[in-house]
Amino acid sequence: MRRIELKTDAQLAWMARAGVITSRALDAAVAAVAPGKTTAELDAAFREVIAENGATSNFLGYYDYPAMICASVNDEVVHGIPGERVLQDGDMISIDGGAVVTDPATGKTWNGDSARTAMVGQASAERRELSEITRAAMWHGIAAAASAKKVGEIGVAIEDFVRSETGEKYGIIEDFVGHGIGTQMHMAPDVLNYAARDLGPRIKKGMALAIEPMLVTGSIETHVLDDDWTIKTNDGGDACQWEHSVAFHSEGIWVLTAEDGGASELSKLGVTVKPIPA
Ligand code: MF3
Ligand code: CO
C-alpha cells in the first residue's frame, strides 16, 4: 500500500492557507454562475482569485488538464472541462477546484481541493434537493470523520445518511472516490463515499483527506466523453458533487477548505472543530 503522508500542525496550517484560497476562489466561481454565462467565465473568475493570492492551481496541467476548475453540468458527474458551453436557466453545475501554496522555508507545496454545486437561475425542486442531500451527505461524512477510527467509516456515514434520508432514491457513485491530500492533490488513502466491507486504514493525527460524495438520480454507471475528461451518467440522470479537504491535527479536526473550519455546519451535527494550533 502507498504510504500515507502525516503532517505536522505547522504543515497543516500551510494547507489551511491553500484551503482558504480555494474557498475564496470557489466563492468567485459560484458568484459568476448565471444563465447566459459560459463555464469558461467561471474558470476565469476562479483564476483571478488564485492569482490575486499568489497561489497556483493544482488542476491546471494535471495530466495536461487545461483549466483551473472542473465544471460539470446536469448529467456530467465530474471533470467537465470549462469552455464555451452557455449555462441555461434551470441547469445545475458542480464546480471543483484547488489552490496550491508553497512554503518558502521548505519549498514544499500544499494543496487544497473542494467542490460545490450551484443552481443556474431557477432550477427544479428535484435538482435543489439532489444538491442539498449531497451537501448534507458530505457534512455527515465529515462529522463521522471527527470520531472515526478508520477511514472507511466516512463512507459508511455518507451512505447511512443518504439511505435513511431518501431511501433508494439516489445512487452514490463508486467509480470516483475521495483521497488523501497534502504535498500533492491526490495521495493515499482512497476515501470511499459509500460503505464497503474493508474499512481501510486507521485515521491518524496528521492526515488530511478530501471527502467528496457524488450522488445521482439514476444508475451509478458512468462513461467518459471523447474529450477524455468529462464523466457523464450512462442513463442521463442528474449528478451532483460536494467536496471539502479536512485536517486531523493534534487537537481535533478542521475543515481546511471552509473559512470557519466547518464550525457552523458541524455544530448542527454536534461536532466541535478545533483550530490548528499555531
Ligand atoms: N479535484 C478532483 C478531485 O476531487 C480532481 C480533478 S483532476 C483535474 O479529486 F485534472 F481534473 F483537475
Ligand atoms: Co478531490
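The values are calculated or read from the model by the stated rules, or taken from the named source; none is laboratory data. None of these values were measured; they are calculated from a predicted model. Don't worry about glycine lacking a Cβ; one is built from the backbone with ideal geometry, like all the others, and counts go over all protein chains shown.
For Lys204, the conditions (1) surrounded by fewer than 16 Cβ atoms within 10 Å (Cβ to Cβ); (2) part of a strand (DSSP E or B) all hold with the exception of (2).
When Ile95 is tested against the conditions (1) among the hydrophobic types (A, V, I, L, M, F, W, C); (2) crowded, with 24+ Cβ neighbours inside 10 Å; (3) more than 13 Å from ligand 1 (Cβ to nearest atom), the lone failure is (3). Does Thr106 meet the test of being touching a Ser or Thr at 6+ places or on another chain (Cβ under 8 Å), of a type in the set (S, T, N, Q) and either away from ligand 1 (no atom under 16 Å from the Cβ) or not in a loop (DSSP other than H, G, I, E, B) (or both)? No, not satisfied. Yes or no: the range 235-258 includes at least one residue that is of a type outside the set (Gly, Ala, Ser), surrounded by fewer than 20 Cβ atoms within 10 Å (Cβ to Cβ) and farther than 27 Å from Gln184 by Cβ. Within the range 235-258, one or more residues are of a type outside the set (Gly, Ala, Ser), surrounded by fewer than 20 Cβ atoms within 10 Å (Cβ to Cβ) and farther than 27 Å from Gln184 by Cβ.
Within the range 65-88, at least one residue is more than 16 Å from ligand 1 (Cβ to nearest atom), more than 16 Å from Met185 (Cβ to Cβ) and within 20 Å of the chain's Cα centre (by Cα).
The condition of being buried (at least 23 other Cβ atoms within 10 Å of the Cβ) and among the aliphatic types (A, V, I, L, M) holds for only one of Leu215, Leu225, that being Leu215. Could you list, in sequence order, the residues of the range 180-197 that are of a type outside the set (A, V, I, L, M, F, W, C), within 13 Å of ligand 1 (Cβ to nearest atom) and assigned to a loop (DSSP other than H, G, I, E, B)? Within the range 180-197, Gln184, His186, Asn193 meet the criteria.
Only one entry in Val246, Val271 is β-branched (Val, Ile, Thr), within 16 Å of ligand 2 (Cβ to nearest atom) and either touching a His at 6+ places or on another chain (Cβ under 8 Å) or touching a residue at least 12 places away in the same chain (Cβ under 8 Å) (or both), namely Val246.
Among residues of the range 89-98 being away from ligand 2 (no atom under 13 Å from the Cβ) and assigned to a strand (DSSP E or B), the one that is farthest from the chain's Cα centre (by Cα) is Met92. Cβ contacts < 6 Å: first residue closer than 17 Å to Ala71 by Cβ, restricted to the range 211-237; second residue among the charged types (D, E, K, R) and assigned to a strand (DSSP E or B), any location; separation 6+ or different chain. Result? Matching pairs, first to second residue: Glu212/Glu243; Thr230/Glu76; Lys232/Glu76.
Per-residue answers, yes or no, for (1) within 13 Å of Gly98 (Cα to Cα); (2) without any contact (Cβ under 8 Å) to a residue 60 or more places away in the chain; (3) surrounded by fewer than 23 Cβ atoms within 10 Å (Cβ to Cβ):
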residue: Arg3; (1), (2), (3): no, no, yes
residue: Leu6; (1), (2), (3): no, no, yes
residue: Arg17; (1), (2), (3): yes, no, yes
residue: Val30; (1), (2), (3): no, no, yes
residue: Asp43; (1), (2), (3): yes, yes, no
residue: Tyr63; (1), (2), (3): no, yes, yes
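When the range 112-132 is filtered for residues that are over 17 Å from Trp242 (Cα atoms) and in contact (Cβ under 8 Å) with a residue 40 or more places away in the chain, only Gly121 remains.
Residues considered: Asp175, Asp260. Of these, the only one that is within 16 Å of ligand 1 (Cβ to nearest atom) and either modelled with pLDDT under 95 or not hydrophobic (A, V, I, L, M, F, W, C) (or both) is Asp175.
For residues that are more than 27 Å from Gln88 (Cβ to Cβ) and surrounded by 14 or more Cβ atoms within 10 Å (Cβ to Cβ), tally how many sit in the range 118-149.
At the first step, the residues of the range 118-149 found to be more than 27 Å from Gln88 (Cβ to Cβ) are 139-149.
Imposing the further condition that a residue be surrounded by 14 or more Cβ atoms within 10 Å (Cβ to Cβ) reduces the set to 139-146, 148.
Matching residues across the range 118-149 total 9.
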